[in-house]
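Each remark here refers to the structure printed beneath this line.
The values are calculated or read from the model by the stated rules, or taken from the named source; none is laboratory data. What you see is a predicted model; the values in this text were computed from it and never measured. Counting neighbours? That spans all protein chains shown, and the Cβs are built from the backbone with ideal geometry, glycine included.
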Amino acid sequence: MGFIQDILPILKKRELLFLENYKESEGVYTFLFEKEKDLTWKAGQHGLFSITHKSIKKPIRPFSVASAPSENVVKITMGISDDPSEFKKAMLELKQGMRVRMSGPVGSFYLKDNSPSLLIAGGIGITPFRSILKQIEAEGNGVAKQINLLYIDSKKSYVYKDELDGIANNTSINVTYLDSRNDLHQEIDKFTTLFKNNGKYFIAGSKSMVDSISIYLQDHNISKRNIKKDAFIGY
Ligand SMILES: Cc1cc2nc3c(=O)[nH]c(=O)nc-3n(C[C@H](O)[C@H](O)[C@H](O)COP(=O)(O)OP(=O)(O)OC[C@H]3O[C@@H](n4cnc5c(N)ncnc54)[C@H](O)[C@@H]3O)c2cc1C
């Protein structure tokens, strides 16, 4: 039932009104779209976004919705290199009043209960977690939950850092910034030692990063069913 509920909204398509974009940091851009009244999502889910203002070869990409439903805007944030895909070039061409199509939001990458949760973000994989943490902050129940975010970026370029620090101040959520795999493993070990399989483990980032951390967790006796993965295929 849950799986069907998480996947069925893929059939729901809508045209989102583009509002603005801005640069978060070197090579990272945020795009904002109007949130229609009847649009909602579970914090952590993603949509399938399509370019419609011109014809390009691969016009569809999945992106996590980085805003919480309570924020009343659809926010996506993406890495855009100096030589981006046609899709990302087209995103940068968007002007106020233009539209992109979105299917969904879909997916099962969201918190389901109050279990202690370890959220592990690699680079741009922070996007679903921004939504999750913003929603917890808005609901005002951050104190009741044991949530630790580990955010690894080898270039120490932490997108949303000010906002994440604000959330950490307002709630009992812990945010730890890391730049090496060794340190990440040490932080993971602390959590697994305390909570073992009573905890839930969420990993988002490039597919290689997500897979290797999932294997690390399983090697430390964390059961696969307690590990949720959001692999950003394409990086
Ligand atoms: C569930 C899900 C959620 C996702 N959410 C997000 C999200 O929130 N934000 C996000 O950015 N992506 C997200 N993605 C990935 C996204 O859909 C694209 O696949 C990704 O952004 C790559 O985009 P692109 O194909 O347009 O290529 P581009 O980013 O333009 O890159 C073109 C090519 O260059 C390579 N490349 C790009 N940058 C570099 C670099 N610095 N060094 C070396 N090679 C490089 C890429 O691997 C690619 O082959 C998500 C994917 C999934 C499955």
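The number of residues in the stretch 1-13 that are touching a strand residue (DSSP E or B) at 6+ places or on another chain (Cβ under 9 Å) and either modelled with pLDDT of 95 or more or β-branched (V, I, T) (or both) comes to 2. From the list F18, F109, F63, the lone residue that is part of a strand (DSSP E or B), at negative phi, at pLDDT 95 or above and near the ligand (Cβ under 10 Å from one of its atoms) is F63.
Quick check: is even one residue across the stretch 151-158 of a type in the set (V, I, T) and assigned by TED's automatic domain parsing to the domain that holds I227? Among the residues of the stretch 151-158, at least one is of a type in the set (V, I, T) and assigned by TED's automatic domain parsing to the domain that holds I227, which makes the answer yes. Inside the stretch 66-104, residues that are out of contact with any Pro (no Cβ under 9 Å at 6 or more places or on another chain) and at positive phi make up a count of 2. For the stretch 21-46, a residue qualifies if it is in a loop (DSSP other than H, G, I, E, B), surrounded by fewer than 16 Cβ atoms within 10 Å (Cβ to Cβ) and more than 16 Å from the ligand (Cβ to nearest atom), and the qualifying residues are E36, K37, D38, T40.
Let me confirm something: among I51, I7, which residue is in contact (Cβ under 8 Å) with a residue 40 or more places away in the chain and away from the ligand (no atom under 11 Å from the Cβ)? Talk me through it step by step, then tell me what you get.
Numbers: I51 fails: away from the ligand (no atom under 11 Å from the Cβ).
None of the others qualify; the one that does is I7.
Considering the stretch 136-153, and only residues there that are at pLDDT 95 or above and more than 12 Å from Y201 (Cα to Cα), the residue that is farthest from the ligand (Cβ to nearest atom) turns out to be I152.
Any idea which of N198, N169, N174, N182 is touching a strand residue (DSSP E or B) at 6+ places or on another chain (Cβ under 7 Å) and not assigned by TED's automatic domain parsing to the domain that holds T52? Reasoning before the result, please.
Values: N198 fails: touching a strand residue (DSSP E or B) at 6+ places or on another chain (Cβ under 7 Å); N169 fails: touching a strand residue (DSSP E or B) at 6+ places or on another chain (Cβ under 7 Å); N182 fails: touching a strand residue (DSSP E or B) at 6+ places or on another chain (Cβ under 7 Å).
Criteria check complete, one pass: N174.
Within the stretch 68-79, does at least one residue satisfy the condition of being touching a Ser or Thr at 6+ places or on another chain (Cβ under 9 Å), within 13 Å of the ligand (Cβ to nearest atom) and not in a strand (DSSP E or B)?
Taking the stretch 68-79 and keeping what is touching a Ser or Thr at 6+ places or on another chain (Cβ under 9 Å), we get 68-69, 71, 73-78.
Add one more test, that the residue is within 13 Å of the ligand (Cβ to nearest atom), and what stays is 74-78.
Add one more test, that the residue is not in a strand (DSSP E or B), and what stays is none.
No: zero hits.
Please pick out the residue among S85, S117 that is in contact (Cβ under 8 Å) with a residue 12 or more places away in the chain, within 30 Å of S180 (Cβ to Cβ) and surrounded by fewer than 20 Cβ atoms within 10 Å (Cβ to Cβ). Outline the logic, then answer.
Values: S117 fails: surrounded by fewer than 20 Cβ atoms within 10 Å (Cβ to Cβ).
None of the other options fit; the residue is S85.
If a residue counts only when it is touching a Phe, Trp or Tyr at 6+ places or on another chain (Cβ under 6 Å) and within 19 Å of S115 (Cβ to Cβ), which helices (runs of 4 or more DSSP H) contained entirely in the stretch 141-231 have at least 2 such residues?
Those helices (runs of 4 or more DSSP H) do not exist here; none qualify.
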